[in-house]
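The structure appears right after this line, and notes come after that.
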Amino acid sequence: MSAAILPPRGVVARVPAKVNLELRVGPRRADGFHALSTVYHAVDLTDEITVESAEEWGVTVLGPYAGRVPTDESNLAMRAARAVAALADVDEPVHITIDKSIPVAGGMAGGSADAAGTLLACDSLWQTDLSRSDLEEAAAELGSDVPFLLTGGTAIGSGRGEQVVPVLTQGTFHWVFALHHSGLSTADVYAECDRLRADEDVPVPEPSGELMTALRAGDVDQLASALMNDLEPAACSLDSTLRKTMAAGLTHGALATTVSGSGPTVAFLARDKAAALDLMVSLSADGVADDVVHARGPAAGAHILNDITVR
């Protein structure tokens, strides 16, 4: 007689960071958000999320950023777990362990990544079989970037960023990220963006054809010329060290540079892996950032690594 197959006691998910290849910020909407046209690009700088059955709800955060992540009900991963429980009518507490490598408040969607990973992990743990549309709707409620982190790859984001359509991308692109641990508030960066363009007629944003062509061709030089971020002037206004970091990377051979999202992470596009590693060494020697890492894109979205069937 074969042994019964027990439901998993825990599930591990991996989820990537993102960089915005293009971020066009339109006028503020009536709901307080800005109309956006962005091209998301997932990179293989990842967090791992472990969700385990528990006697009470809880969150533990591991890694160098642990002290900067809340572990109460405001934690975005905890909110994601609660959302799945409500959708599936589950009354079973879980403990969430977040092993963080994605910067906190760095413009790389670290909190959104953890939420996306938790949505998938809880769905798997509780065997709820929620539809993809259910998960995407829950993701959009949690935050503008969360739906993309479920999808990964490269995608156009519209609305406030939550409406995601995949983009055909050829090849692999190599990135170097200069991390600044001070962090920037996304709300503060958007407010500064509004202040800086207060006298401008801000158009409704649209993705650029040049960027789409570069991605379809896998042309790193064309991609370098197409990178842009409307929030970059605001981020640099709030953190004057970013311009120094960007200039250093270009001096050391980066093809292009952009602030990632609302910053303060600075992204550098390198020609290939060897160039990226050389750039890492040079930037580290210059001391223009708190940490420097290499990553590749596009990367897979949130996905399950394994089930934990025995404690």
_Give me the net charge for the shell around Ala276: Cβ to Cβ below 14 angstrom, other residues only, Lys and Arg +1, Asp and Glu -1._
0
*Does the range 173-297 classify as rounded, prolate or oblate by the C-alpha gyration tensor (a ≥ b ≥ c root eigenvalues; a/c under 1.5 gives rounded; else a/b over b/c gives prolate, otherwise oblate)?*
oblate
*the range 121-213, dipole about Cα centre (Lys/Arg Cβ +1, Asp/Glu Cβ -1), debye to the nearest 20*: 320 debye
_Run the paramagnetic zone check for Thr172: 7 angstrom along Cα to Cβ, then residues of the range 218-248 with backbone nitrogen under 20 Å._
218-224
*Once volume of the Cα convex hull per residue in Å³ is worked out from the coordinates, which option in (1) 147; (2) 125; (3) 135 does it equal?*
(1)
*FRET efficiency, Ser185 to Arg29 (Cβ-Cβ, R0 25 Å, nearest 0.05)*: 0.80
*asked:* Below 19 Å, Cα to Cα, which lysines can Lys100 reach? Residues fewer than 8 away in the same chain don't count.
replied: Lys18
*Under a point spin-label approximation (7 Å from Cα along Cα-to-Cβ), what is the Val165-Ala217 distance to one decimal in nm?*
2.2 nm
*Between beta-carbons, use under 14 Å as the cut-off and find the net charge around Ile98, counting Lys and Arg +1, Asp and Glu -1.*
-2
*Which of the listed residues, Ala121, Ala35, Ala88, is farthest toward the dipole's positive end in the range 10-167, when Lys, Arg count +1 and Asp, Glu count -1 at the beta-carbon?*
Ala35
*Do the sum for the chain: with -39,500 (n - 2.57) for every DSSP H run of n ≥ 4, divided by all residues, what is the mean residue ellipticity at 222 nm, to the nearest 500 deg cm²/dmol?*
-10000 deg cm²/dmol
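Each value in this text was obtained by applying a stated rule to the coordinates, not by laboratory testing. Keep in mind that this is a model prediction, so the values were computed, not measured. Methodologically, a virtual Cβ is constructed for each residue, glycine included, from the backbone with ideal geometry; neighbour enumeration extends over all protein chains shown.
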